[in-house]
1. Counting only other residues whose beta carbon sits under 13 Å from that of B:V187, what net charge do I get with K and R as +1, D and E as -1?
2. Return the single residue from B:S84, B:S184, B:S388 with maximal mean-square fluctuation; model: Gaussian network over chain B, springs between Cα atoms under 10 Å.
3. Less than 11 Å Cβ to Cβ from A:L6, Lys/Arg counted +1 and Asp/Glu -1: what total charge do the surrounding residues give?
4. Starting with the fewest neighbours, write out B:T137, B:T106, A:T159, B:T323 ranked by other beta-carbon atoms found within 10 Å of each beta-carbon.
5. If you take the square roots of the eigenvalues of the alpha-carbon gyration tensor of chain B and sort them as a ≥ b ≥ c, do you get rounded (a/c under 1.5), prolate (a/b over b/c) or oblate?
6. Please list the radius of gyration and Dmax for the range A:1-100, considering alpha-carbon atoms only, with Å as the unit.
7. According to the square roots a ≥ b ≥ c of the eigenvalues of the Cα gyration tensor, what is the shape class of the range B:216-270, taking rounded for a/c under 1.5, prolate for a/b larger than b/c otherwise, and oblate for the remainder?
8. Relative to the first principal axis of the alpha-carbon coordinates of chain B, what is the inclination of helix B:301-320, with its axis defined by its Cα atoms, in degrees from 0 to 90 and to the nearest 10?
Amino acid sequence: MGQLMLGLVNGAFYAMLSLGLAVIFGLLDIVNFAHGALYMMGAFAAWILLDRFELNFWLALIVAPLIVGALGVAIERSMLKHLYGLDPLYGLLLTFGLSLIFEGLFREQYGVSGKSYPVPELLSGATDIGFMVLPNYRAFVVFASLVVCLGTWLLIERTRLGAYLRAGTENARLVQAFGVNVPLMVMLTYGAGAGLAAMAGVLAAPVIQVTPLMGSNLIIVVFAVVVIGGMGSILGSVLTGLGLGVIEGMTRVFYPEASSVVVFVVMVIVLILRPAGLFGKET
Amino acid sequence: MKIRTVVAAIAVALGSLSAIAQTDTGPVRIGFITDMSSLYADIDGPAGVEMIKWATQDFGGKVLGRPIEVLSADHQNKPDVASSKAREWMDKENLAMLIGGTSSGTSLAMAKVSQEKKRPFIAIGAGSARLTNEDCTPYTIHYAYDTVALAKVAGSALVKAGNKSWYFLTADYAFGHSLESDASAVVKANGGTVVGAVRHPLNASDFSSFLLQAQGSKAQILALANAGGDTINSMKAAKEFGITKSMKVAGLLVFINDVHSLGLANTEGLQLADSWYWNQDDASRKFAKRFFDKYKRMPSSLQAADYSAAMNYLKAVQAAKTTDGDKVMAVLKSMKYDDFYSKGTVRADGRMIHDMYLFQVKGAKESSTPWDYYRTVAKVPGEQAFTSLAESKCALIKK
């Protein structure tokens, strides 16, 4: 039971990260390999805000995604926009290169051992919930991630803005003709995706050591989550993220040596049975 | 006619040059292969390369009248990358000696190549005691520490203090396995019991479920048979889940960089074994200050050992008057080592025997200057810290 709960906590991180990836891929057709680096920079932004400017965790939770989101916008404007209409492979290569550059810069500056970010005081301590002792902070992470995921899903699937977005990706020229500023929307979408990654980074900072490598350790798993969920499916990636967190947690109990592989085993099986992913639409 | 002679002369000269290059002229090349960019890069890594360069500069830049060159490469913690790089350098660059950095799997692989090519191999960052035990070679020297010494120094102190039941959280590769089995042997020899172990992948993303299993074991000691970033993250999670209240966490391999990034608040009271500490004496402090001026942090024991090993190798080459692997090894195994890093000798099995230390991490109040982190609890003589010749399984030891 306790292990299930822990799996859910890890799944919450997977869900938040794959959500951003799915939004970017689903709406912009960019395979955003820089997602791990954006996540890492979110965590570092939180640490720097605390260390230099004494901004606490709650403010960092808002400020860090804004900073990284702005960086995302800059990346989109200066580089990615030149690649629209080309094979998605180019975007993948570009973002992969960017992530290596960001990682290298932070490694140069902060070393690989990284920095320790304290758990916010309000959420320090742990609660005995009967079958296990759950740190309050981890409970908060699950809650926060569910709120964010649900919010994003509602925004895209249930609001007018979301409808514009989806229409814009289907037929940009037509939507533009109706007076909607499509390039602006695309830019903001990438920025929002980057911001989501950064928010996950801030949430992760108190739990794991903030290091330049934290993104690349996670990104491959997160990509697997997105692929299993069905590329671009928002609901799919969220549910898959949570589910895989649980499966991984279970593996850690029954055969810990395989815990880093199990996600990929699931991916292989899913791809064989349903090539478009669990929630993907066959095209 | 004249031109022909000149051309012929040049051809002969060139031919003989390349022939000589393979023997005893040209630069003396020292190679260093370590983790430059991943979880072990801070405790050794690029700063370790710089230490070897410092040693060659301080030696005068030349040995036997030949310039000294330092080659370095990143093995990415992959044994196959390490061994193929070592082989390439030995075949193409006429590498004289190889220093092995962090990660035991890579050093075990490099030791095999060095044996085949008959070049001295000095393992520093790697922990597995197999290097001078069942996998010993005539060309391997294990210089800084090993898993047996960590287990004997840190493990026996804890068992003797009344912590009888142990549970291991082990990194799932050569080093972790060695450390777990060596520490288990020490625990049992001192009357303790090992109630269980869980193995996690190297560079694991989350430790909470492993820790929950450890907590369920009701052992007194949670022993971390891992290193670097893995140790840091397991300690953080142990504190977060309140495991530190019911169990005592023992990091079997903790470097000063780990303590620094965790902070004293998270590590106070932790006991750990190491071969060297920057603040242990004047000569060490002098070296540490030079390091600090460049890197704004203190050197780890591995970085100090990198310098020491390179310097002592060059002295051995000087004494042997050649870079020939066998002759230099003979000197390395008979000479006395005495510098800021350690005083000791190298045994027939290649194990460098020197004092080891048991340190305890200070509280924030006791720590008076930056990086003033350790208090020395015990100094353990090398003969007691490392595998004894009687216990050794190395084929080079005549019994």
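No lab work stands behind these numbers, since they all come straight from the coordinates. In this text, all values refer to a predicted model and were calculated from it rather than measured experimentally. Note that each Cβ is placed from the backbone with ideal geometry, even for glycine, and that neighbours are counted across all protein chains shown.
1. Around B:V187, the surrounding residues sum to +2.
2. For chain B, modelled as a Gaussian network with Cα springs under 10 Å, the answer is B:S388.
3. Once positives and negatives cancel, what remains is 0.
4. A:T159, B:T137, B:T323, B:T106
5. Prolate shape, in that a/c is at least 1.5 and a/b is the bigger ratio.
6. Answer for the range A:1-100, Rg first and Dmax second: 15.7, 50 Å.
7. prolate
8. For helix B:301-320, the angle is close to 30 degrees.
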